[in-house]
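The values are calculated or read from the model by the stated rules, or taken from the named source; none is laboratory data. Every value quoted in this text rests on a predicted model; they were computed, and no experiment measured them. Here the Cβ is made from the backbone with ideal geometry for all residues, glycine too, and neighbour counts use every protein chain on show.
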Amino acid sequence: MHAEPVFIGRNPKSLPPGIDKPIEDDDPYALTGVRYPVADGVDADREVTLALIEEYALSGWPLERIRRLFSMPESGSIHDIFRRRGSQMIDETLISVFGTGRAAEEHSDG
């Protein structure tokens, strides 16, 4: 089976705010993904959302910044999940990573 690489995140040809240098085609930090079949009963959107939120959280991103990322059309496939599943699924996954206390605290500060 051949898996087709797909782009996840910002358009690699556009520059996000604060970035002065175009992204190289072979940039090792460019966020990419690979499509693959999932078993029946597996919620692929939720699994991808959890993996992305965990990755950004481990990189030190605050909850509200991650939440905003999902709502930005420039976020590509990440935003597609938000459009398909809505903010409730994103918020539930954020709470599963950050915990209820931290999620409530950051949401009230934001």
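Do you know which residues across the range 33-45 are of a type in the set (Phe, Trp, Tyr) and outside any loop (DSSP other than H, G, I, E, B)?
Across the range 33-45, there are no qualifying residues.
So Thr49 ticks every box in (1) modelled with pLDDT of 90 or more; (2) out of contact with any Ser or Thr (no Cβ under 6 Å at 6 or more places or on another chain); (3) polar (S, T, N, Q) but one. Which box is left unticked?
Condition not satisfied by Thr49: (2).
Among what's in the range 46-91 and is of a type in the set (S, T, N, Q) and not in a loop (DSSP other than H, G, I, E, B), pick the residue that is nearest to Val34 (Cα to Cα). If you could, list the steps in order and put the result at the bottom.
Taking the range 46-91 as the starting set, the residues that turn out to be of a type in the set (S, T, N, Q) are 49, 59, 71, 75, 77, 87-88.
This time we only want the ones that are not in a loop (DSSP other than H, G, I, E, B), so: 49, 71, 75, 77, 87-88.
Values: Thr49: 15, Ser71: 22, Ser75: 16, Ser77: 12, Ser87: 24, Gln88: 26 Å.
So, considering only residues that are of a type in the set (S, T, N, Q) and not in a loop (DSSP other than H, G, I, E, B), the one nearest to Val34 (Cα to Cα) is Ser77.
Considering (1) at pLDDT 90 or above; (2) surrounded by 13 or more Cβ atoms within 10 Å (Cβ to Cβ); (3) among the basic types (Lys, Arg), say which one Arg10 fails and leave the rest.
That leaves (1) as the condition not met.
For the range 69-91, give me the residue count where each residue is exposed (fewer than 14 other Cβ atoms within 10 Å of the Cβ), among the charged types (D, E, K, R) and either closer than 17 Å to Ala44 by Cα or modelled with pLDDT of 95 or more (or both).
Final tally of qualifying residues: 2.
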